[in-house]
Amino acid sequence: TQPTVIAPSLLASDFAHLADEAAKVAPEVDWLHVDVMDNHFVPNLTLGPPVVKALKAATDVPLDCHLMIEEPERWAVGYAELGAHNVTFHAEATDDPVTVAKNLRAAGSKAGLAIDRDTPVERYLDILPEFDTLLIMTIKAGFGGQKFMPELLDKVRTARSRIETGHLDLRIEVDGGIASDTIEQAAEAGADAFVAGTAIYGAEDPAAAALALRRLADT
Ligand code: DX5
Ligand code: ZN
């Protein structure tokens, strides 16, 4: 696997001070995870392109946009054009994930495919070469602060084995309930990018919490 990526989820930060919240963790993290929700794909509503544009101007940390939205074929490329490092959309939200991925790469970002709690990973293994990241939810998408579901790590194991046998070059990112008591099992299963909201922004010192998670993932 590649060097560990730690990606704090801004969903758990103070939305009135996003630039400060980004700066707090910047020295210790690889990406900033930005959860975009449209109240249709998930029953929650967060932020969209104007806020991503403002964040891009406010931080040098690469933005990892996680689109929990319908119609990614309509919206995803806009995030790439705003300068997102990686744009991840949900497999459940489109009939044509390969075209969306190609368009993202053409627009200059990395392409990510997300798999929600109830979606099997097997049906997407053959299209993994089109992607730079595979985001496997370890909760049901929609809200921060939920309990980690260890049984979903079987999907990480399945994907890791395909990546190895196929000599593929993509990351496996896990999202949901990642904390000091769960990150090691996720790493063991084969994840190499870790989103953490509550475990980082809920901590007294978010940068220290991010560093501690990295150490655990690397052991
Ligand atoms: C939820 C989001 C997550 C969320 C994770 O659907 O995709 O990124 O912020 O929050 P925690 O780490 O608190 O489970
Ligand atoms: Zn997320």
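The values are calculated or read from the model by the stated rules, or taken from the named source; none is laboratory data. Bear in mind that the values here come from a model prediction, so they are computed numbers and not experimental data. Reconstructed Cβ throughout: ideal geometry from the backbone, glycine too, with neighbour counts over all protein chains shown.
Taken over the range 52-98, residues that are without any contact (Cβ under 8 Å) to a residue 24 or more places away in the chain and not hydrophobic (A, V, I, L, M, F, W, C) amount to 5.
When the range 60-85 is filtered for residues that are crowded, with 23+ Cβ neighbours inside 10 Å and of a type outside the set (A, V, I, L, M), the ones remaining, listed by number, are 64, 65, 66, 72, 79.
Table: residues versus (1) buried (at least 24 other Cβ atoms within 10 Å of the Cβ); (2) out of contact with any helix residue (DSSP H, G or I) (no Cβ under 7 Å at 6 or more places or on another chain); (3) assigned to a helix (DSSP H, G or I).
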residue: 123; (1), (2), (3): no, yes, yes
residue: 148; (1), (2), (3): no, yes, no
residue: 153; (1), (2), (3): no, no, yes
residue: 178; (1), (2), (3): yes, no, no
residue: 188; (1), (2), (3): no, yes, yes
residue: 208; (1), (2), (3): no, yes, yes
residue: 216; (1), (2), (3): no, no, yes
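A single entry from 141, 114, 186, 209 fulfils the requirement of being aliphatic (A, V, I, L, M) and more than 16 Å from ligand 2 (Cβ to nearest atom): 209.
What do you reckon, is residue 114 of a type in the set (A, V, I, L, M), modelled with pLDDT of 95 or more and over 13 Å from the mean Cα position of the chain (by Cα)?
Answer is no for this residue.
Picking from residues in the range 14-39 that are of a type outside the set (Asp, Glu) and free of Cβ contacts under 8 Å to residues at least 24 places away in the same chain, the one that is surrounded by the fewest Cβ atoms within 10 Å (Cβ to Cβ) is 16.
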